[in-house]
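A quick write-up on the structure given underneath.
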Amino acid sequence: MRFLLLILGGLTLGAAAHLAQVSDEGWLPLGPQAEGHVAALAVNERGRLYAGTQDGELYTRTDDSWRATAREARLVAHPITALLPGEPFFIGTTQGLYTLDGNQAAPVAALPALAVRELIRDGAGGVLLAEVQGDIYHAAAGEAWRRVPRAGLPDGVPVYRLLVHGGRLHAGTVGAGVYTLGDDEPWTPLGTGLPEDTKVFALWPLTERGLVAGTDAGAWRLDEGGQWRRLGVGLDRQRVLDLTTYREGNTDVLLAASDEALWRLPVDQPDAWWQATDTLVPLAKPVARVVVSDGEPYLAAGPVYGWAVSRSDRLGVALLGGTGMVLIILALWLGGRQRRR
C-alpha cells in the first residue's frame, strides 16, 4: 500500500507540475455585462478604459471591474460607434454626436444627426469627425464646427479613418486608398503602390514619418520614397480593421485586429505576422478594435477581452499538487508505523 501511495503521489505531483508549465494564459472575456456587443473602445490620458455598445451603453473599467455611466446602463438611444475621452468627452453614434456631462449625454446641436464613423483630436486642442457618408467636420479649439472641403477626394467615397501625422491630415477611404490634406491644399493621394480600389480601415503612425495602413488586403507601410509596400507576410487575405503598438519587454510590437484574430509583428523585425489570439475561450465576434491601457492590450470582439490567467487552471494545479503531497505524506506515515512495529 505504501509503495502504491508513493507512486500515485509522485504521478499526481508530476501532473500538477506539467499543468503549471503549460501556458494557462490567454485572452479572456472581461465584460462588460451589456445588452449589446462592444462597438467602440477608447482609453483616456490616464489609461482608463471605456467601452461603448451597440445598445447605446457606455462603461468605464476601473480596478478590474466595469461601471455603467448611466444609472440604467443605456446612455443614448442609438448604437455607439466612436468614443473620444477628454474634455469634453465626445460620443459618436449612428444618429449624431453627443457630449458626456456626468452620467448624461447631450446632443451637439451644431451638427446634424450624423452617423459618426471616426473621432480624433487634431493635436491643437480641436476635434475632427468623419461620418459614414464621407463628410469630415472640424472644430478647432474654441471655434464652431465646420465642414472640411472635399476638393480632391473622389465623389461618393466614404472616409473610414482619420489620422493627424507629420502636420498633415490623412484619410483612409473605402475604395480609394489613403488621401492627405495640408494647409490651403486640396486632398491628394498619399503615396503609390496600394492595390486599386483599396479599402482602408485603419491608419497608424509607426514612426515620426512612417505610416501603416490596415486594408482589405492586409497591412501596408509607406516608405520614405512615398511607396506603399506590403508589411510582413501572413495577412495578405485578411481585413485589418484596427492597428496599435505596445511595448512587449524591450520590443515594440505592432498589433493588427482582423475578422479572424489578433496578429502581432515586431517593429524591428517586420518579416512575418503571427496570430496572437491564444484564447482560453473562443472569441465571440471579429476583433473590431484593439487599444492599449496601462501597457496592456485589450480587444473588442463582442465583449472586451484582456490577457489573463485562467483561475480554473490555477485551481487545478493547486488541487493536484495538494493531493499529491497528501498521498506522499500518507505513504511516509504508513512507512513509519510499519518500522515502529
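Odds and ends about this structure:
- Contact order, relative form, for segment 181-308: 15 percent (alpha carbon pairs under 8 Å, 6 or more residues apart, mean separation divided by residue count).
- In order through segment 263-268: 3J(HN,Hα) via Karplus (6.51 cos²θ - 1.76 cosθ + 1.60), integer Hz, x for Gly, Pro: 10, 10, 8, x, 5, 7
- Cβ-based charge dipole, segment 143-184, positive-most Cα from His165, Gly177, Val148: Gly177
- Percent accessible area from carbon and sulfur atoms, segment 139-234, protein chains only, probe 1.4 Å: 48
The values are calculated or read from the model by the stated rules, or taken from the named source; none is laboratory data. Keep in mind that what you see is a predicted model, and the values were worked out from it rather than measured. Glycine gets a Cβ as well: all are built from the backbone with ideal geometry, and neighbour counts include every protein chain shown. Calculation scope for accessible area: heavy atoms of the full protein, side chains included, ligands and nucleic acids excluded. Shrake-Rupley method; radii C 1.70, N 1.55, O 1.52, S 1.80 Å.
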